[in-house]
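Undergrad: Before I ask anything, let me first share the structure, which is written out below as structure tokens.
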Amino acid sequence: MAQIKLLLEKQLLTIQNMEIIASGDSNFDSCKFTFDETWDGFVKTGVFYQDKSNVQYAVLGNDDTCMIPAAAMARAGRMYIGVFGIKDTAVVTSTLGTIDIKEGAISGGNISTEPTDDVFLAIIAQYQRIVEMISQYEATTAQFNIQIAEQNAILETLNAFEVMELMQKLELIEDRMINYTNVAKEIMSREVVIRDVPIKFVNKVCKVENDAITADSLCDVYFDEYSFEIASKALIMPVSYDGYIELTSSIDIQEELTANILVRRN
């Protein structure tokens with residue numbers, strides 16, 4: 001098993017050792033990168049190719065290592081190695097180093113030359129903030145468009161490599177994100193969270209008024225940690241009406257409780 005050791009000083013890549021690698025290796029040879037502080041906080045992806053029409057990628061692990069993609073060394077010849085990093089909207093790229101791949105017992109057509117998908121992990125990481133906003137019902141069309149514009153700017157910096165398949169897959173990702181945003185907008189129009197609502201029962205009944213509540217709403221009540229200890233001893237039933245929700249307790253609760261109410265409107 002060969003491991004190529006590479007040093008990154010700012011954007012200068014230096015290969016520190018020369019290992020013998022034979023064509024046809026698969027899931028066997030690796031790279032170990034050492035970075036200076038310039039690369040702190042970046043999601044880093046290795047770049048490997050023998051010709052620019054078949055660029056291969058591998059996202060680096062937490063230990064800054066990666067396996068060399070088999071398709072990048074499927075035949076004897078000179079293999080180019082580089083790395084780029086992405087952090088928010090910033091991109092840093094390295095210079096290229098070269099390794100000579102020796103003729104092996106198998107090569108060329110014996111190995112799949114399909115490009116790896118690992119690079120998409122680095123790109124999709126940029127979309128993660130959008131997904132998180134959607135999951136919390138905080139996404140807006142304007143925010144989404146800003147994120148997409150930033151992502152497109154990142155991709156333009158990678159045009160030194162011929163990665164049409166990458167662009168096509170990213171277009172699919174963008175389409176999915178647009179669909180997610182539309183779903184989120186629909187959810188936002190149907191779901192409302194009324195926060196930090198004081199719950200005071202009088203004769204085992206508490207009425208909470210809010211214009212967001214309608215008679216056909218489904219309401220879920222979530223008590224805070226202190227209130228839950230008390231509320232868990234009772235059966236509390238919510239019934240919604242136009243403009244308010246009525247909570248009925250199976251026992252007489254004297255303490256004032258605090259809850260968040262999720263209102264789902266049909």
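Only the coordinates and a few stated rules stand behind these numbers; no lab work does. Here the structure is a predicted model, which means the values were calculated and not measured. Methodologically, a virtual Cβ is constructed for each residue, glycine included, from the backbone with ideal geometry; neighbour enumeration extends over all protein chains shown.
Undergrad: Need the list of lysines near Lys87 for cross-linking: C-alpha distance under 16 angstrom, and skip anything on the same chain fewer than eight residues off.
TA: Those lysines meeting the cut-off are Lys10, Lys44.
Undergrad: Another question, if that's okay. Which value, in Å³ per residue, describes the convex hull spanned by the Cα atoms of region 1-106? Walk me through the numbers before you get to the answer.
TA: Details: hull volume 9.4 nm³, N = 106.
Normalising the Cα hull of region 1-106 by residue number yields 88 Å³.
Undergrad: Hey, another quick one. Work out, step by step, the length gained on full extension between Leu7 and Asp196: first 0.36 nm times the residue separation, then minus their alpha carbon distance; give nm to one decimal. Present the calculation step by step, with values, prior to reporting the outcome.
TA: Details: separation 189, 0.36 × 189 = 68.04 nm, distance 5.35 nm.
Length difference between fully extended and current span is 62.7 nm.
Undergrad: Multiplying the sequence separation of Met237 and Asn266 by 0.36 nm and subtracting their Cα-Cα distance, what value in nm do you get? Show your work: numbers first, answer last.
TA: Details: separation 29, 0.36 × 29 = 10.44 nm, distance 1.96 nm.
Net length gain for the segment: 8.5 nm.
Undergrad: Assuming R0 = 30 Å, can you tell me the calculated FRET efficiency for the pair Ala215 and Asp252, based on Cβ-Cβ distance, to the nearest 0.05? Kindly include the intermediate steps, with their values, before the conclusion.
TA: Values: r = 27 Å, r/R0 = 0.92.
After rounding to 0.05, the efficiency reads 0.65.
Undergrad: When we measure straight from the Cα of Lys102, which lysines land under 24 angstrom away, once same-chain ones fewer than 8 places off are left out?
TA: Those lysines meeting the cut-off are Lys5, Lys32, Lys52.
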